[in-house]
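First up is the structure itself, then whatever we jot down about it.
The values are calculated or read from the model by the stated rules, or taken from the named source; none is laboratory data. Quantities reported herein were computed from a predicted structural model and do not represent experimental measurements. Cβ atoms come from the backbone with ideal geometry, glycine included; neighbour counts cover every protein chain shown.
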Amino acid sequence: MHRRTSTAAVLAAALALALAACGGSTAGSGPSASSTPAAAVTAADPWVKAVDSGMTAAFVVLTNTTEQEQVLVAASTPASTRVELHEMATVDGQMKMQRKDGGIVIPAGGEAVLEPGGDHIMLMDVTAPIKPGDVVPIMLTFATGETLEINAVAKEFEGGAEPYHSAGPPGT
């Protein structure tokens, strides 16, 4: 009987260790909580447009490594007092930058390309100049509550036809 008890105890301990090891990858469970479990979403080529003041935008390629749709619902950075997810959309026959309602969908097994002239992360009211070569940390938050921190390198960029300034008359 003593032998059965010790065998059961060993099996229970082994099971507990295995379960603990599986639970260690949960986002938010410790100091390295900057990525989603099992890398559900990965980021490539993050960058931000250099700017002295006002507004700017960040861009990145997000890849969903799961079989379920992922949705980017928010972003934050110490480089800006307000951050929004934006898109370029045709409104009344003209391209207009606007807030992206419902977040940015990353399809199962696919990717979302955040790029000039398309979906992007808008940094409003930057707290200090962002110079070429600066690294801007940005925390991405998904509908699941999981997060992913990216480090966007600042660079000069003139394209995209996106006016990153306060709303005003067309062409201002």
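Things worth noting here:
- Residue under evaluation residue 156, criteria (1) under 19 Å from residue 40 (Cα atoms); (2) of a type outside the set (Phe, Trp, Tyr); (3) in contact with a Pro (Cβ under 9 Å, 6 or more places away or on another chain), criterion not met: (1)
- Each residue in the stretch 65-82 was checked for being surrounded by fewer than 21 Cβ atoms within 10 Å (Cβ to Cβ) and in a strand (DSSP E or B), and 6 of them qualify.
- Condition check for residue 113: hydrophobic (A, V, I, L, M, F, W, C), under 24 Å from residue 69 (Cα atoms) and more than 11 Å from the chain's Cα centre (by Cα): yes
- The stretch 100-111 - residue that is part of a loop (DSSP other than H, G, I, E, B) and not hydrophobic (A, V, I, L, M, F, W, C) and, of those, surrounded by the most Cβ atoms within 10 Å (Cβ to Cβ): 100
- Restricting 114, 123, 140, 148 to those that are over 18 Å from residue 44 (Cα atoms), at pLDDT 95 or above and not aromatic (Phe, Trp, Tyr) reduces the list to 123.
- Restricting the first member to the stretch 98-118 and to residues that are touching a residue at least 40 places away in the same chain (Cβ under 8 Å) and closer than 14 Å to residue 61 by Cβ, and the second to residues that are among the aromatic types (Phe, Trp, Tyr) and crowded, with 16+ Cβ neighbours inside 10 Å, the beta-carbon pairs closer than 8 Å and six or more apart or on different chains are 114/59; 115/59; 116/59; 116/157.
- Among the residues of the stretch 45-64, those that are among the polar types (S, T, N, Q) and either touching a Phe, Trp or Tyr at 6+ places or on another chain (Cβ under 9 Å) or assigned to a strand (DSSP E or B) (or both) comprise 56, 63, 64.
- Residues in the stretch 85-99 include at least one that is assigned to a strand (DSSP E or B), surrounded by fewer than 20 Cβ atoms within 10 Å (Cβ to Cβ), touching a Ser or Thr at 6+ places or on another chain (Cβ under 9 Å) and modelled with pLDDT under 95.
- Count of the stretch 28-53 residues which are modelled with pLDDT of 95 or more and farther than 26 Å from residue 110 by Cβ: 4
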